[in-house]
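What follows is a short report on a single structure.
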Amino acid sequence: MEEKKDNNKTEAGENRLLKNKLYLYLTEFFAGMSVMAVELGASRLLAPYFSSSQIVWTIIIGTIMIAMALGNIYGGRYADKNPSPDRLYGRIIIAAVWIAAIPVLGKYIIIGISALLIFTVNSGFLIVAAFAACMVIFVFPLFLLGTVTPSLVKYTVDSLDDSGKTVGTLNAANTVGSIIGTFVPTFISIPAVGTSVTFLIFAGILLLLAVLYFVGCKKIPVKVPVSIALFILCCIFGHSTAFAFWQDDLTYEGESIYNYLQVSEDEREVVLSTNVLFGVQSVYVKEKELTGMYYDYAMAAPYMCGASELLHDTGSDGEKLEILILGMGTGTYATQCMRYFDNISIEGVEIDSKITGLSKKYFELPDNVKVTTYDGRAFLNAVEKKYDVIMVDAYQDITIPFQMSSVEFFTLVKEHLNENGIMVVNMNMHTNEEGNINQYLSDTIASVFPEVYTVNVKGATNRELFASSNPYMINRFNAGVKSETDGALYSMMQEVGDSLKRYESGSYIMNDDRAPVELLGMRVIDSLIKDEVNFYRQIYEKEGIKGLINSL
């Protein structure tokens, strides 16, 4: 063992980069930075397929910690047996090339794993598929980076006298690198150049680090030029890779601090989707007509306020119906209200400023609609103004932010409503299963508001909920609809009125301490996927693979 250590010191001594240990500390710094950058990139790579929920983040963090733990164990044992810096920087080269290949191959690996699992997994499909994808794509390169710290300890500790100081400095370098690797992708690289280029940037840093080491050794093994060539190929084929490979005619595809964004367009409408390959977050109808979606149903709320005389009275004395939208998106609800109603003042709250920018560019959000970039609940805490209608449409891909689903939140909304004010909540993923997410939301709202009515959106999984302290909200709605002169809107409101049901409250209450919205939402998604898979499974059993392909 002593002879091996001496050989290691001799090897390190021949490389002037390692002479004062600074390069070893830099290696630790950039390894820590890259691990965090890959972790954040992983969330964006998975988001279009599995959402960006806390469950997916848990899977990402868990698998990465598995990889790092195994890397630490392997790196420590291997450093004792063969403590050559050449081996360490060789592993860094492999990790760099693997990370660079993620933008090129990652999405195909995800869809391949999903295709393999979809016919074999009966429950928890999203969780199992996301975990399997993380294991295949991210565990190996992060396992290799996990070997860095124990290897560097072996190379840097000269004696027990300064071992504590040396190990402490290494850990500090890793921690500082991790901090920078956390902030740079989130606030700089991903919003500016996207996830794919972010992977390539940090892969390039690792590759450069290893190449400089071998150049310093004055011996360049074959793997160095090969890795450089592979990295260049990854840059060529991966720098502009679109996540939405299932759709190649997008009007816009990009990323913000919070979301993966895609805008698609046809002759009738413009559509915004965020983070997942199913579902629509906003829609703009070019022909200035009803959307046929939940936004139309939510337009019943202004009638329920009893202010129908304002909605079509252009001669009013400056009085306006005040509407607030929490979860503005690109402003579909605001645009529809502005099209059909007079004397209304609308403002919205949207946490993602890039979505607000898209609303002006592609969705023709009226200029007189004020949008504040803020969290919905934080906004209510910061203002004292009261509104006639508050629309809560705060779905984040397939989940609801837990802080906007509790008794405390809905109490805050109630405090910001005028005496006859109405809260309308868009609830997605409707299901009849006992204890489902909509039942939790509805029971929670009913514990705050005495009057609660719901209506299911035809042809969709959405349900609209209307809540108020006004016991005459339905009478006012009916009276207002009778005076409506627009034929299409009148028919729509008639349909809403015929389907409205008073909600009978139960005991499924969520508060700030306990609001398991993501588990509840994932349970519904799992059920929907299971139903869809059963359909294709039956085709496969009857007609084989040819019939399955034809059905797709």
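A few comments on the model shown:
- Residue match in region 271-286 (condition: on the phi > 0 side of the Ramachandran plot and either within 19 Å of the chain's Cα centre (by Cα) or not assigned by TED's automatic domain parsing to the domain that holds Leu126 (or both)): yes
- Test: residue in region 31-43 that is among the aliphatic types (A, V, I, L, M), in contact (Cβ under 8 Å) with a residue 12 or more places away in the chain, crowded, with 17+ Cβ neighbours inside 10 Å and more than 30 Å from Cys217 (Cβ to Cβ): yes
- Residue in region 375-384 that is nearest to the chain's Cα centre (by Cα), counting only those that are of a type outside the set (A, V, I, L, M) and surrounded by 16 or more Cβ atoms within 10 Å (Cβ to Cβ): Asp375
- Residue in region 400-412 that is under 16 Å from Ile355 (Cβ atoms) and in contact with a Leu (Cβ under 9 Å, 6 or more places away or on another chain) present: no
- Of all residues in region 440-460, those satisfying the criterion of being of a type outside the set (Gly, Ala, Ser) and under 24 Å from the mean Cα position of the chain (by Cα) are Tyr440, Leu441.
- Helices (runs of 4 or more DSSP H) enclosed by region 132-204 - at least 1 residues per element that are in contact with a helix residue (DSSP H, G or I) (Cβ under 8 Å, 6 or more places away or on another chain) and more than 22 Å from Pro83 (Cα to Cα): 163-184, 190-193
A quick yes/no check of all residues on (1) within 19 Å of Lys360 (Cα to Cα); (2) touching a residue at least 24 places away in the same chain (Cβ under 8 Å); (3) surrounded by 18 or more Cβ atoms within 10 Å (Cβ to Cβ):
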{"site": "Val263", "(1), (2), (3)": "yes, yes, yes"}
{"site": "Asn275", "(1), (2), (3)": "no, yes, yes"}
{"site": "Tyr284", "(1), (2), (3)": "yes, yes, yes"}
{"site": "Glu287", "(1), (2), (3)": "yes, no, no"}
{"site": "Ala298", "(1), (2), (3)": "no, yes, yes"}
{"site": "Tyr303", "(1), (2), (3)": "no, yes, yes"}
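- Residues (closer than 18 Å to Cys305 by Cα, within 36 Å of the chain's Cα centre (by Cα) and among the β-branched types (Val, Ile, Thr)) located in region 478-531: Val496
- One residue stands out in region 365-374 among those that are within 19 Å of Lys286 (Cα to Cα) and among the hydrophobic types (A, V, I, L, M, F, W, C): the one that is surrounded by the most Cβ atoms within 10 Å (Cβ to Cβ), namely Leu365.
- Per-region count, region 3-44, residues more than 16 Å from Val153 (Cα to Cα), among the charged types (D, E, K, R) and modelled with pLDDT under 65: 2
- Qualifying position, being modelled with pLDDT under 90 and surrounded by 16 or more Cβ atoms within 10 Å (Cβ to Cβ), among Tyr395, Tyr362, Tyr387: Tyr395
- Selected residue (only one of Asn275, Asn259 is within 28 Å of Ala100 (Cβ to Cβ) and at pLDDT below 75): Asn275
- Residue within region 222-242 that is at pLDDT 85 or above and hydroxyl-bearing (Ser, Thr, Tyr) present: yes
- When residues in region 185-196 are screened for being buried (at least 19 other Cβ atoms within 10 Å of the Cβ), of a type outside the set (Ser, Thr, Tyr) and either under 23 Å from Glu28 (Cβ atoms) or out of contact with any Gly (no Cβ under 8 Å at 6 or more places or on another chain) (or both), 1 of them pass.
- In the set (1) closer than 17 Å to Ser282 by Cβ; (2) touching a residue at least 40 places away in the same chain (Cβ under 8 Å); (3) in contact with a strand residue (DSSP E or B) (Cβ under 7 Å, 6 or more places away or on another chain); (4) acidic (Asp, Glu), Glu350 fails one condition alone, (2).
- Among the residues of region 212-221, the ones that are in a helix (DSSP H, G or I) and either touching a residue at least 40 places away in the same chain (Cβ under 8 Å) or among the hydroxyl-bearing types (Ser, Thr, Tyr) (or both) come to 4 in all.
- Residues in region 424-462 that are part of a loop (DSSP other than H, G, I, E, B), touching a helix residue (DSSP H, G or I) at 6+ places or on another chain (Cβ under 8 Å) and under 17 Å from Thr291 (Cα atoms): Val457, Lys458, Ala460, Thr461, Asn462.
- In summary, Gly357 fulfils each of the numbered conditions (1) modelled with pLDDT of 90 or more; (2) small (Gly, Ala, Ser); (3) in a loop (DSSP other than H, G, I, E, B) with the single exception of condition (3).
- Pair list, Cβ < 7 Å and 6+ apart or interchain, from region 179-199 residues that are without any contact (Cβ under 8 Å) to a residue 40 or more places away in the chain to residues that are not in a helix (DSSP H, G or I): none
- Boolean, Glu384 is out of contact with any helix residue (DSSP H, G or I) (no Cβ under 6 Å at 6 or more places or on another chain) and assigned by TED's automatic domain parsing to the domain that holds Ile323: yes
- Selected residue [modelled with pLDDT under 85, in a helix (DSSP H, G or I) and within 27 Å of Leu233 (Cβ to Cβ)] from Ala47, Ala100: Ala47
- Here the condition is being surrounded by fewer than 23 Cβ atoms within 10 Å (Cβ to Cβ), at pLDDT below 90, touching a helix residue (DSSP H, G or I) at 6+ places or on another chain (Cβ under 9 Å) and among the β-branched types (Val, Ile, Thr); of Ile55, Ile64, it holds for Ile55 alone.
- Residue within region 466-484 that is closer than 18 Å to Ser405 by Cα and not in a strand (DSSP E or B) present: no
- Condition check for Gly348: in the same structural domain as Glu451 (by TED's automatic domain parsing), assigned to a strand (DSSP E or B) and surrounded by 15 or more Cβ atoms within 10 Å (Cβ to Cβ): yes
The values are calculated or read from the model by the stated rules, or taken from the named source; none is laboratory data. Here the structure is a predicted model, which is why all the values come from computation and not from measurement. Methodologically, a virtual Cβ is constructed for each residue, glycine included, from the backbone with ideal geometry; neighbour enumeration extends over all protein chains shown.
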